[in-house]
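Student: First the structure, then my questions, so here it is.
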Amino acid sequence: MFTGQPKLRTDSEGRFFIDRPGTYFKYILEYLRSNQVPTQCIQDVYKEALFYDIEPLVKQLEDSPQIFGEVVARKQFLARVPNYSENIELMIRIARAEAVASRHSSVTVCVVRTEEDAAKCHNALNSLDMDKKSVVKFGPWKATPSISDLLDCIQMDIEAKGYKISFQPHVTEKGFRFKSYDFFYKFLFTWW
């Protein structure tokens with residue numbers, strides 16, 4: 001538990017002083033005492049087990065459906081989406097810049113699964129009346145999850161950072177040469 005950690009502080013009686021919130025530490029202690037794998041707060045206990053470098057507990061938690069789905073399935077998918085993390089940060093920066101004296105701000109996102117869709121997105125950006133700098137592009141990727149799966153991941157990851165967000169298909173102004181583009185979405189950030 002204490003391998004690889006910098007020199008740990010001790011109290012006046014030589015006991016280790018652990019400067020972490022105790023909320024989930026009871027599950028760590030229970031595991032260390034009885035090898036009982038927790039069944040509650042699994043995501044948070046997993047983070048603590050990683051912090052304390054308790055490999056046996058980490059491995060057992062990774063076999064649970066909650067962690068397996070996150071670590072193996074979702075993270076592996078997102079690793080195949082080019083610049084995913086950078087695009088999440090870009091969306092947040094754009095939304096914050098547009099939030100001045102406003103309850104909501106929106107970010108337009110282009111989600112493309114294939115190279116062919118990427119070309120269509122590029123052509124659509126040129127024909128639409130949009131500020132191209134504020135459109136964030138996700139994809140293409142080579143994995144089975146769908147566009148709606150990626151949209152859910154984007155929403156989950158931004159909400160995990162504490163933002164209130166929703167999304168919907170982006171609707172363009174209907175003009176004479178109107179064409180619907182099904183890879184544009186509008187993410188709405190709500191600030192209060």
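Student: Taking the range 80-125 as the search range and keeping residues that are within 15 Å of ILE147 (Cα to Cα) and within 16 Å of the chain's Cα centre (by Cα), which one is surrounded by the most Cβ atoms within 10 Å (Cβ to Cβ)?
Tutor: Only one residue fits best here, namely VAL111.
Student: Which number in (1) touching a strand residue (DSSP E or B) at 6+ places or on another chain (Cβ under 7 Å); (2) part of a helix (DSSP H, G or I); (3) of a type in the set (Val, Ile, Thr) marks the one condition that VAL107 misses?
Tutor: (2)
Student: Being part of a helix (DSSP H, G or I) and either assigned by TED's automatic domain parsing to the domain that holds LEU150 or not charged (D, E, K, R) (or both) is the filter; apply it to the range 19-38 and report the residue that is modelled with the lowest pLDDT. Reasoning before the result, please.
Tutor: Step one: list which residues in the range 19-38 are part of a helix (DSSP H, G or I), which gives 25-34.
Subset that is either assigned by TED's automatic domain parsing to the domain that holds LEU150 or not charged (D, E, K, R) (or both): 25, 27-29, 31-32, 34.
On the way: PHE25: 87, TYR27: 93, ILE28: 92, LEU29: 90, TYR31: 94, LEU32: 92, SER34: 95.
Top of the filtered list is PHE25.
Student: Looking at SER134, SER105, which one is under 16 Å from PHE184 (Cβ atoms) and in the same structural domain as TYR185 (by TED's automatic domain parsing)?
Tutor: SER134
Student: Hey, another quick one. Which count do you get for residues in the range 39-89 that are part of a helix (DSSP H, G or I), of a type in the set (S, T, N, Q), in contact with a Phe, Trp or Tyr (Cβ under 9 Å, 6 or more places away or on another chain) and within 22 Å of VAL111 (Cα to Cα)? Don't jump to the end; show me each part of the working.
Tutor: Start the filter on the range 39-89 by keeping residues that are part of a helix (DSSP H, G or I), which leaves 42-52, 55-62, 65-79, 84-89.
Checking the rest, the ones that are also of a type in the set (S, T, N, Q) come to 43, 60, 66, 76, 85, 87.
From the residues that got through so far, the ones that are in contact with a Phe, Trp or Tyr (Cβ under 9 Å, 6 or more places away or on another chain) too are 60, 66, 87.
This time we only want the ones that are within 22 Å of VAL111 (Cα to Cα), so: 87.
Adding up the residues that qualify gives 1.
Student: Which condition does VAL71 not pass, out of (1) surrounded by fewer than 12 Cβ atoms within 10 Å (Cβ to Cβ); (2) of a type in the set (Val, Ile, Thr); (3) touching a helix residue (DSSP H, G or I) at 6+ places or on another chain (Cβ under 7 Å), if it passes all the others?
Tutor: (1)
One line per residue, one yes/no per condition, for (1) of a type in the set (Gly, Ala, Ser); (2) over 27 Å from LYS75 (Cα atoms); (3) assigned to a helix (DSSP H, G or I); (4) at pLDDT 95 or above:
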position	(1), (2), (3), (4)
ALA99	yes, yes, no, no
ALA119	yes, no, yes, no
CYS153	no, no, yes, yes
GLY175	yes, yes, no, no
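The values are calculated or read from the model by the stated rules, or taken from the named source; none is laboratory data. Model, not experiment: these values are computed from the prediction. Every residue, glycine as well, gets a Cβ built from its backbone with ideal geometry; the counts of neighbours run over all protein chains shown.
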